[in-house]
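K.L.:
Let me begin by handing over the structure; questions about it come next.
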Amino acid sequence: MSLTENDINGLEPLFDRVLIKKQDKSKQTASGIVLPETSSEDSAIGTVISVGKGALNDKGDVVPMQIAVGDIALFGQWAGTKISVSGVKDGTYIIIKLSDISGILKK
């Protein structure tokens with residue numbers, strides 16, 4: 001099954017997972033040197049598209065998420081599960097656990 005960008009808008013992650021649209025990194029330096037993909041930093045950023053309800057604690061209660069739709073998230077470049085979306089560069093959308101997010105920039 002191939003998802004479309006419309007499908008992504010209706011996708012709700014489960015528990016403590018977050019759907020993120022990664023931001024493209026510049027592949028060229030200011031002086032014009034083209035960088036290979038493997039030269040990128042260890043971290044990535046992206047916009048939070050949707051958020052799960054939260055993880056369950058030992059008592060079975062839902063622990064609220066510490067992130068919201070529209071936040072900018074900082075995470076490891078290899079973190080999460082890529083989602084294939086037709087017509088969109090592979091790896092643009094990922095689902096990631098809240099614990100894999102290093103920080104957020106509130107809008």
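K.L.:
Please enumerate the residues belonging to the stretch 93-103 that are surrounded by 18 or more Cβ atoms within 10 Å (Cβ to Cβ), part of a strand (DSSP E or B) and at pLDDT 90 or above.
P.N.:
Listed by number, the residues that qualify are I94, I95, I96, I101.
K.L.:
Could you please find all residues in the stretch 68-88 being touching a residue at least 40 places away in the same chain (Cβ under 8 Å), of a type in the set (A, V, I, L, M, F, W, C) and closer than 21 Å to F15 by Cβ?
P.N.:
Matches in the stretch 68-88: A73, F75, I83.
K.L.:
Further question on the same structure: Take the residues of the stretch 56-92 that are hydroxyl-bearing (S, T, Y) and exposed (fewer than 15 other Cβ atoms within 10 Å of the Cβ): which is nearest to the chain's Cα centre (by Cα)?
P.N.:
Of everything passing the filter in the stretch 56-92, T81 is nearest to the chain's Cα centre (by Cα).
K.L.:
Another question, then. Is it the case that the stretch 13-20 has a residue that's modelled with pLDDT under 90 and of a type outside the set (F, W, Y)?
P.N.:
Checked against the condition, which is being modelled with pLDDT under 90 and of a type outside the set (F, W, Y), the stretch 13-20 yields no hits at all.
The values are calculated or read from the model by the stated rules, or taken from the named source; none is laboratory data. What you see is a predicted model; the values in this text were computed from it and never measured. Cβ coordinates were reconstructed from backbone atoms using ideal geometry, including for glycine residues, and neighbour counts include every protein chain displayed.
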